[in-house]
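What follows draws every value from the coordinates through simple rules; no lab data is involved. Values in this document were obtained by computation on a predicted structure and should not be read as measured data. With ideal geometry, Cβ positions are generated from the backbone for all residues, glycine too; neighbour counts draw on all protein chains shown.
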Ligand SMILES: [Ca+2]
Ligand SMILES: [Ca+2]
Ligand SMILES: [Ca+2]
Ligand SMILES: [Ca+2]
């Protein structure tokens, strides 16, 4: 619970170790090291970070087992999503959930979708195309939503191509998207729309949007007021532009920290000012050219079209590789020397970021697409515009034993002092301040990230 506080306390040491600026790509950045918020409150799970960290998700609620890959009916993900009250969707099945009707909207608050509970290769969301083939994950008009370790791969084109995102967050607050792997959207891979606030998008892969609207992240569009949003530890790869698009009103707190942006074609990060001027902290990110990055591409661009005010750009330790304009000259006019808002996390140095992300980012275990993608980034290969690969349904793998239906592996329960014969997910047997169900999810994540055999 005090981890963030401890990290904050060691901040001066961290900053001294990566003292900047110097060298190519570090010109034009801010003069003072980042300020990190003190006394950041812990979220409901270890590793909840960012402005959405206070999201409750389904904490304390019912454990609901997803027992079928079917679009709807008893035991379906849709049924869990459409339930009310605090709830956790855990998975007793693995494979592709292909929505044949309109994908479910998450509109009822207090939900956690815990993809890391799925056996085998985990869970992938897609749709069947046609008139109902739309954005597979929509969070709309709600609050306290946590979605972790879910792949979103719309391999078939629907009729609503112009607005088919991978994930849309609309008019919602306290949302955490963590360890998602999103590809092949026909609009943005992730899109914040209208009046959102307290949003974290972390540890996720957003790759290979479908041209001609191959775009990573439109963090806000048509915001009604200030928003706090964190984009931390993600990869955007093989997307022409909006890597990410940053267009918020003044008084927003927006932080883009420790992300890797690879193989943009025209623009990487875009700071817009048509909502009055975005305040933005861009810290510890890597911008890497790839085969589609042309010489006129820009790493951090200030988009002056329809500007209604000046943004504030705090830039620190952003690293660049390749023959493109790293930071547009116009950014210097809105450069500030301290972050518009204190960062919610202590950034790691951009040097070595790819090696770190390879072991952390995306939905685990990595599927063939993500494995290939990570190799492409390491080798500076791959291209924009390849057709989606049709998803192949996975063989069913037996889930871990959970006789008491509390979502926790009974063997893990026995090892950790929980009762495998009674439902006790919200106990805190080890007294670490986190519910034991959350401790189990952390252990589960570590297992599937390690590549160890599991069910
Ligand atoms: Ca969109
Ligand atoms: Ca159990
Ligand atoms: Ca139990
Ligand atoms: Ca605990």
task: Could you tell me the distance between the Cα centroids of the range 154-175 and the range 341-413, to the nearest Å?
output: 20 Å
- request: Just check the range 41-89 against the gyration tensor rule for me: Cα atoms, a ≥ b ≥ c as the square roots of the eigenvalues, rounded for a/c under 1.5, and otherwise prolate or oblate depending on whether a/b exceeds b/c.
  value: prolate
query: Please state the relative contact order of the range 195-302 as a whole percent: Cα pairs under 8 Å, 6+ residues apart?
result: 25 percent
message: Could you tell me how far the Cα centroid of the range 114-141 sits from the Cα centroid of the range 68-104, in Å?
response: 9 Å
- request: State whether the range 109-197 is rounded, prolate or oblate according to the following rule on the C-alpha gyration tensor (a ≥ b ≥ c being the square roots of its eigenvalues): a/c under 1.5 gives rounded; otherwise a/b larger than b/c gives prolate, and the remaining case gives oblate.
  value: oblate
Gain on full stretching of the segment that runs from residue 38 to residue 323 - 0.36 nm per residue minus C-alpha separation: 98.7 nm
message: What does the extension gain come out to for residue 62 and residue 427, with contour length at 0.36 nm per residue minus their alpha carbon separation?
response: 130.1 nm
- prompt: Which distance in Å, rounded to a whole number, links the C-alpha centroids of the range 255-326 and the range 177-252?
  reply: 13 Å
query: When the label point is put 7 Å from the Cα of residue 395 along its Cα-to-beta-carbon vector, which residues of the range 76-112 have a backbone N closer than 18 Å?
result: 93-96
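What's the extension gain from residue 442 to residue 383 if we count 0.36 nm per residue and subtract their Cα-Cα distance?
Details: separation 59, 0.36 × 59 = 21.24 nm, distance 3.42 nm.
Length gained, residue 442 through residue 383: 17.8 nm.
To the nearest µm²/s, what D does Stokes-Einstein give for the range 10-378 at 10 °C and 1.306 mPa s, using the Kirkwood radius over alpha carbon pairs as Rh?
Values: Rh = 20.3 Å.
For these conditions, the coefficient is 78 µm²/s.
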message: Rounded to the nearest 5, what % of DSSP beta bridges with both residues in the chain are antiparallel?
response: 0 percent
Length-normalised contact order for the chain - Cα pairs under 8 Å, 6+ apart - percent: 14 percent
